[in-house]
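*Asks:* Structure in structure tokens, see below.
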Amino acid sequence: MKLLVAAPRGFCAGVDRAIEIVEKCLQKYGKPVYVRHAIVHNKYVVESLEKKGAVFVNELSECPKDRPVVFSAHGVAKSVFYEAEDRNLQYVDATCPLVTKVHIEANRYHKLGYQIIMIGHKNHPETTGTMGQLPDGEVLLVENVKDVGIIKPRNEEKLAYITQTTLSVDDTSEIANALLSRFPSIVAPHKEDICYATTNRQNAVKKISPLIDGLLVVGSTNSSNSKRLVEVGKKAGCRYSQLIDNVYDIDWRSISGSKSIGLTAGASAPDILINQVIEEFKKRYKATIEFIEITKEDIHFKIPNSIRN
């Protein structure tokens with residue numbers, strides 16, 4: 001059997017930065033350090049940080065006043081910052097800079113008098129955080145083309161749209177076209193909101209899909225960008241496209257008889273999980289491993305000055 005490993009895959013710059021922020025906080029302040037929501041959507045990463053002294057909570061009310069709290073890479077609503085300041089909590093914001101860019105964009109359009117339409121998934125932390133940048137009613141959510149037909153903006157001539165950063169590129173393009181068709185004067189983002197890592201990983205899957213019988217995507221079930229990779233694989237023609245948390249989730253019977261299997265990973269999946277899958281394929285099939293890289297990623301985001309040294 002041949003195993004085609006797509007690249008880029010795994011950690012992106014925003015995930016690297018968020019994890020580094022938690023680790024630096026633990027070094028500087030000692031344990032425990034509290035983290036509001038999963039720092040990134042990966043079970044292995046969260047459990048690893050818990051072993052080092054991180055405590056993950058759902059709300060700031062669960063955080064004691066004398067310990068620092070980190071906000072997750074997905075971003076938070078402005079109300080969370082206000083609550084932290086009201087309680088005099090020491091906080092460090094690990095929001096991915098590319099998510100922050102969307103927040104800034106939403107605020108800029110709002111100041112110009114536009115109502116915002118957000119393409120995203122309801123209740124996803126990133127969507128909740130982005131919509132929470134503006135007052136209620138200022139951001140309307142659409143999840144699919146059907147939603148575009150039923151939303152009721154207050155002024156169809158004064159609209160702008162933004163998107164969640166971890167969506168399917170193709171699906172988002174379809175929804176954006178529907179918005180432009182219904183609201184011809186709607187203002188699009190100056191630069192696509194879907195992040196470079198999401199786009200690159202989806203393009204890599206498209207590249208290997210004609211060459212493989214099935215696709216394995218390493219990533220947790222709550223990871224939006226990982227689930228989108230599974231969908232991209234299916235749409236690209238893979239007869240089998242499956243999300244796995246780790247090597248133990250592989251359904252070997254489903255891929256038996258395959259001549260070639262593709263392997264990739266969501267932007268929050270660590271290398272150790274990917275390498276375990278590769279090693280298991282080598283053991284079971286004496287597999288030939290081929291790496292297919294469509295582009296190199298060399299982006300790095302700095303951590304906040306307050307914890308850098």
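Nothing in this text is a laboratory measurement; each read-out follows from the coordinates by a stated rule. Predicted, not measured: the structure shown is a model, and the values here were computed from it. FYI the Cβ positions are ideal-geometry reconstructions off the backbone, even for glycines, and counts take in every protein chain you see.
*Asks:* How high is the FRET efficiency from SER306 to ASP136, r the C-beta distance, R0 30 Å, rounded to 0.05?
*Replies:* The value I calculate is 0.40.
*Asks:* Let me ask something additional. Can you sort SER48, SER72 so the residue with the fewest Cβ neighbours within 10 Å comes first?
*Replies:* Working: SER48 15, SER72 25.
Lowest count first: SER48, SER72.
*Asks:* May I ask you to evaluate 6.51 cos²θ - 1.76 cosθ + 1.60, the Karplus curve with θ = phi - 60°, for each residue of the range 253-267 and list the ³J(HN,Hα) values in order in whole Hz, giving x for glycine and proline?
*Replies:* Along the range 253-267, the couplings run 5, 5, 10, 5, x, 6, 8, 8, 10, x, 9, 9, 8, x, 5 Hz.
*Asks:* Among VAL205, VAL46, what is the fewest-to-most ranking by other Cβ atoms within 10 Å?
*Replies:* Going from least to most buried by this count: VAL46, VAL205.
*Asks:* Moving on to the next point. What ranking of THR127, THR264 emerges when the number of other C-beta atoms within 10 Å of each C-beta is taken as an exposure proxy, fewest first? Can you show the working numbers first?
*Replies:* On the way: THR127 24, THR264 29.
Ranked by crowding around the Cβ, least crowded first: THR127, THR264.
*Asks:* What are the ³J(HN,Hα) couplings of the range 22-36, residue after residue, when phi is run through the Karplus curve with 6.51, -1.76, 1.60 and θ = phi - 60°? Round to Hz, x for glycine and proline.
*Replies:* For the range 22-36, the Karplus-derived couplings read 5, 5, 5, 5, 5, 5, 7, 9, x, 9, x, 10, 8, 10, 7 Hz, x marking Gly and Pro.
*Asks:* Then there is this: Using only Cα atoms, what is the ratio of the radius of gyration of the range 98-182 to 2.2 N^0.38 Å?
*Replies:* For the range 98-182, the normalised Cα radius of gyration comes out at 0.99.
*Asks:* Here is a follow-up. Taking GluC sites (Glu not before Pro) as exposed when DSSP calls them loop (any state but H, G, I, E, B) and at most 11 other Cβ atoms lie within 10 Å, what is the longest stretch of the chain free of them, the sites themselves excluded?
*Replies:* 158-309
*Asks:* Okay, helix-only estimate at 222 nm for the chain: each DSSP H run of n ≥ 4 adds -39500 (n - 2.57), divide by all residues, round to 500 deg cm²/dmol; what do you get?
*Replies:* Only helices count here, giving -12000 deg cm²/dmol.
*Asks:* Cα-based count: Lys pairs in the range 96-183 below 23 Å, eight or more positions apart or different chains?
*Replies:* Final tally of qualifying lysine pairs is 8.
*Asks:* Set the Förster distance to 22 Å, then compute FRET efficiency between ARG154 and SER79 from the Cβ-Cβ distance, nearest 0.05.
*Replies:* On the way: r = 23 Å, r/R0 = 1.03.
Efficiency, rounded to the nearest 0.05: 0.45.
*Asks:* In addition: Are any of the pairs LYS235/LYS282; LYS259/LYS296; LYS24/LYS302; LYS234/LYS296 more than 23 Å apart by Cα-Cα distance, and if so, which?
*Replies:* LYS235/LYS282; LYS259/LYS296; LYS234/LYS296
*Asks:* Set the Förster radius R0 to 41 Å, insert the Cβ-Cβ distance between SER181 and LEU211 as r into 1/(1 + (r/R0)^6), and round the FRET efficiency to 0.05.
*Replies:* So the FRET efficiency works out to roughly 0.70.
*Asks:* Could you state the number of Å between the C-alpha centres of the range 49-123 and the range 239-304?
*Replies:* Cα centres, the range 239-304 to the range 49-123: 31 Å.
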